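Worksheet: the structure to be examined is printed underneath.
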Amino acid sequence: MARPLTSQGDGETIGSQGVIRKAEFIKIITRALYSLGYDKSGALLEEESGIPLHSSVVNLFMGQVTNGKWDDSVATLRTIGLSDEIMKSASFLILEQKFLELLKMEKVAVALDTLRNEIVPLHVNLDRVHKLASCIISPSQCIRLGISGQDTEGTKSGSKILEKLQKLLPAAIMIPEKRLEHLVERALDVQREACVFHNTSDSDLSLYSDHQCGKNQIPSQTLQILEAHKNEVWFVQFSHNGKYLGSSSKDHSAIIWEVKEDGQVLLKHTLCGHQKPVLIVSWSPDDSQILTCGQDEVIRRWDVSSGKCLHVYEKTGVGLISCGWFPDGRGIFAGMTDKSICLWDLDGRDLECWKGQRTLRISDMAITDDGKRIISVCRESAILLLDREAKFDRLIEEVDMITSFSLSKDNKFLLVNLMNQEIHLWSIEGDPKLISEYKGHKRTRFVIRSCFGGLDQSFIASGSEDSQVYIWHRCSGELLLALPGHSGAVNCVSWNPGNLHMLASASDDGTIRIWGLDRFNLKGGEQSNGSNHQCNGRS
């Protein structure tokens, strides 16, 4: 066995950059071995390295606390060399436990003496002291303080106090529990955050090599071309569970597509009944129903399973231009051509209505998951954040005309498409704040829509008038990919929330493209299956 190092490695460093202190490194490994239950290995490492995990006085202190020797542990604590503030706070934790155990043993006089002559003179946590004093008068107060009988049982109580002390005492004196795990997790976080193409689950991360995703983790290969619409496709949106795709078209129809377990997207229902082009679709919170909004026309509510129209919403003399669902699925909201916003229950009864400059003839509206805020374009270059409860409005003032917007899944960010061929990311928590800008796509005449997508919505995707799909890294703003394939303007994109590697795009060429990973190439060349065209490559 190696001879213990007399210096205990205090001044030595390891690693190529010389910033890792050897003694700290070994102590953290030793702590991890003990935490994992490898007590013999931990003890052997201490002996062989000559670097003890804790000093002898700290080991004595920890043993006293674990065994419930409160007076001894307080006396030992004073010899460790702590600041006065930390020593008092640590003493309070220990003496509080002593006080509670005395009460449990019905030694009220001794408990009162401990409170008066040991706890009070510390002059810390006075509010807690008053609550402890009330325990003497009313034992039920201990329950109100969150103290159970189990908290005062021997070794179990000592272990809990030791856990609290580890968070209070300096790390150099008592090595924190799971410190090595924390460092490794932080290293993985840094690698993941630095990876602009990161779009895999955490289970794919490995300690054996530095993490770096390639472009092949971003959907960039056309896997299917859906051709059921007979005219320009203006809108696509995956359901919340990712099992369906809704699309709407200039051909006056909407289509519900089903996403099979193998990734194939197949036509489920064609929804007919609108007399004008269908602007958008909107999925109910549970994905069992879907709304379709005709251009300056009516809103229809459909059953996803049967494809049956359940209700038609209209208002005499006023056209409807946008729609969405209450978060609880019990009602819908709509934007009108008279610039008002109306809320209806499912049977079409009016619930609320806001008149005035509340919306424009742009079919984008959203409501936050808590139902408190409605978001709409209220002027050509401004978005209204309407607080239903506080009756308070906030505005996002943009630099150019707004063509569309999209709300993030966490309701904290808004993605805004502008006439000047820019996409802006706004934080809408508190006062709106511009966070990032994305450029590169083309927009001169049409409404082009963008979306959040990928793992933790780390990417921004957008259509473009140059027939391509554009994808940016959300945080850095870096343009990652431009995907060719369509032969007309790409009006809308939607990233599947249930499949990180599936993206849909809708185009003026009358098709919807389903994009996936390069490694998902379908075998057998091109196949025709009714209105569904599969291809191998970006045909």
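For Lys442, list long-range residues whose amide hydrogen, built 1.01 Å from N in the peptide plane, is under 5 Å from its own amide hydrogen.
Amide H neighbours of Lys442: Glu465, Asp466.
Run the dipole for the chain about the Cα centre, Lys and Arg Cβ at +1, Asp and Glu Cβ at -1, nothing else charged, and hand back the magnitude in debye, nearest 20. List each step's numbers first, then the result.
Working: 60 positive and 69 negative charges, 59 e Å.
Magnitude of the dipole: close to 280 debye.
For Cα pairs less than 8 Å apart in space and 6+ apart in sequence, what is the mean separation divided by the residue count of the chain, i.e. the relative contact order in percent? Mind showing how you got there, number by number?
Values: 1150 pairs, mean separation 57.4, N = 539.
Relative contact order for the chain comes out at 11 percent.
Enumerate the amide H contacts of Gly510 below 5 Å, restricted to partners 5 or more residues apart or on another chain; note that Pro and chain-start residues carry no placed amide H.
Under 5 Å from the amide H of Gly510: Val233.
Can you give me the pair-distance distribution of the stretch 413-482, C-alpha pairs, 5 Å bins, whole percents?
For the stretch 413-482, the pair-distance distribution reads 4, 18, 30, 25, 15, 6, 2, 0.
I need the peptides 131-138, 489-496, 94-101 ranked by packing, meaning the mean over residues of other C-beta atoms within 10 angstrom, with the highest value on top. Don't jump to the answer; show the numbers that get you there.
Numbers: 131-138: 15.4, 489-496: 25.2, 94-101: 22.4.
Top of the packing list down: 489-496, 94-101, 131-138.
Check which residues have an amide H placed less than 5 Å from Ser239's amide H, if you skip close sequence neighbours.
Tyr244, Leu245, Gly246
Compute the helix-to-body angle for 179-194: its Cα long axis versus the longest principal axis of the chain, expressed 0 to 90° and rounded to tens.
Result, in degrees: 20.
Once each part is reduced to its C-alpha centroid, what is the distance from the stretch 391-406 to the stretch 153-213 in angstrom?
Spelled out, the Cα-based centre of one part sits 41 Å from the other.
With θ set to phi - 60° and the Karplus curve 6.51 cos²θ - 1.76 cosθ + 1.60, what are the ³J(HN,Hα) couplings of the stretch 92-103 in order, to the nearest whole Hz, using x for Gly and Pro?
Each residue of the stretch 92-103 in turn: 4, 4, 5, 5, 4, 5, 4, 4, 5, 5, 5, 5 Hz.
Which GluC sites (Glu not before Pro) in the stretch 222-282 sit in a loop by DSSP (not H, G, I, E or B) and have at most 10 other Cβ atoms within 10 Å of their own Cβ? Show your work: numbers first, answer last.
On the way: sites: Glu227, Glu232, Glu258, Glu261; in loops: Glu227, Glu232, Glu261.
Sparse-neighbourhood loop GluC sites (Glu not before Pro): Glu261.
Write out the chymotrypsin sites (Phe, Trp or Tyr not before Pro) in the stretch 224-274 meeting two conditions: DSSP loop, and at most 12 other Cβ atoms within 10 Å of their Cβ. Could the numbers behind the result be given before it?
Working: sites: Trp234, Phe235, Phe238, Tyr244, Trp257; in loops: none.
The qualifying sites: there are none.
Two decimals, Cα atoms only, Kirkwood Rh: what is Rg/Rh over the stretch 151-216? Numbers along the way, then the final one.
Working: Rg = 18.4 Å, Rh = 14.9 Å.
So for the stretch 151-216, dividing Rg by the Kirkwood Rh gives 1.23.
Quick one: Kirkwood hydrodynamic radius for the stretch 27-109, alpha-carbon pairs, angstrom, one decimal? Please report the intermediate quantities before stating the final value.
Details: mean 1/r = 0.0684 Å⁻¹.
Taking the inverse mean of 1/r over all distinct Cα pairs, the stretch 27-109 comes out at 14.6 Å.
Per-residue counts of other Cβ atoms within 10 Å, averaged by peptide: what ranking do you get for 367-374, 176-183, 498-505, highest first?
On the way: 367-374: 16.9, 176-183: 14.2, 498-505: 22.8.
Descending mean neighbour count gives 498-505, 367-374, 176-183.
Note the angle between two axes, namely the Cα long axis of helix 56-66 and the longest principal axis of the Cα atoms of the chain, as a number of degrees from 0 to 90, rounded to the nearest 10.
For 56-66 against the chain, the angle is about 70 degrees.
Over all alpha-carbon pairs in the stretch 54-174, figure out the percentage whose distance exceeds 23 Å. Walk me through the intermediate numbers first.
Numbers: 1911 of 7260 pairs.
Within the stretch 54-174, distances greater than 23 Å cover 26 percent of Cα pairs.
Starting from the alpha-carbon convex hull of the stretch 221-516, give the projected area averaged over all orientations, in nm².
13.5 nm²
Where q = 0.11 Å⁻¹, what log10 of I(q)/I(0) comes from the Debye formula for the chain, counting one point per Cα?
So the normalised log intensities are -0.93.
Using the structure shown, select from Lys230/Lys276; Lys40/Lys167; Lys40/Lys160; Lys230/Lys339; Lys308/Lys372 the pairs with a Cα to Cα distance greater than 21 angstrom. Write down the numbers at each step before the final one.
Numbers: Lys230/Lys276 14 Å; Lys40/Lys167 26 Å; Lys40/Lys160 24 Å; Lys230/Lys339 31 Å; Lys308/Lys372 31 Å.
From the list (Lys230/Lys276; Lys40/Lys167; Lys40/Lys160; Lys230/Lys339; Lys308/Lys372), the Cα-Cα distance tops 21 Å for Lys40/Lys167; Lys40/Lys160; Lys230/Lys339; Lys308/Lys372.
Can you compute 3J(HN,Hα) from phi for each residue in the stretch 460-476, using the Karplus curve 6.51 cos²θ - 1.76 cosθ + 1.60 with θ = phi - 60°, rounded to whole Hz and x for Gly and Pro?
Karplus values, whole Hz, x for Gly and Pro: 10, 10, 8, x, 6, 6, 8, 6, 10, 9, 10, 10, 10, 7, 4, 6, 7.
Per residue, how big is the convex hull around the C-alpha atoms of the stretch 194-311? Give it to me in cubic angstrom, could you?
Numbers: hull volume 16.8 nm³, N = 118.
Per-residue hull volume (Cα only) is 142 Å³.
For a test of the definition: using alpha carbon positions, the gyration tensor, and the 1.5 limit on a/c, classify the stretch 441-525 as rounded, prolate or oblate.
oblate
Between the stretch 79-129 and the stretch 450-476, what is the separation of their alpha carbon centroids in Å?
Centre-to-centre distance over Cα atoms comes out at 58 Å.
In deg cm²/dmol, rounded to 500, what helix-only [θ] at 222 nm does the chain give when every DSSP H run of at least 4 residues adds -39500 (n - 2.57) and the total is split over its residues?
Working: 10 runs with 119 residues, N = 539.
Computed mean residue ellipticity for the chain: -7000 deg cm²/dmol.
In what sequence, highest mean first, do 429-440, 468-479 appear when ranked by Cβ atoms within 10 angstrom? Please list the in-between numbers first.
Values: 429-440: 13.6, 468-479: 19.4.
Order by mean packing, descending: 468-479, 429-440.
Just so you know, all these numbers are worked out from the coordinates, no wet-lab data involved. Computed from a predicted structure; not experimentally measured. Ideal geometry is used to build each Cβ from the backbone, glycine not excepted, and the neighbour counts take in all protein chains shown.
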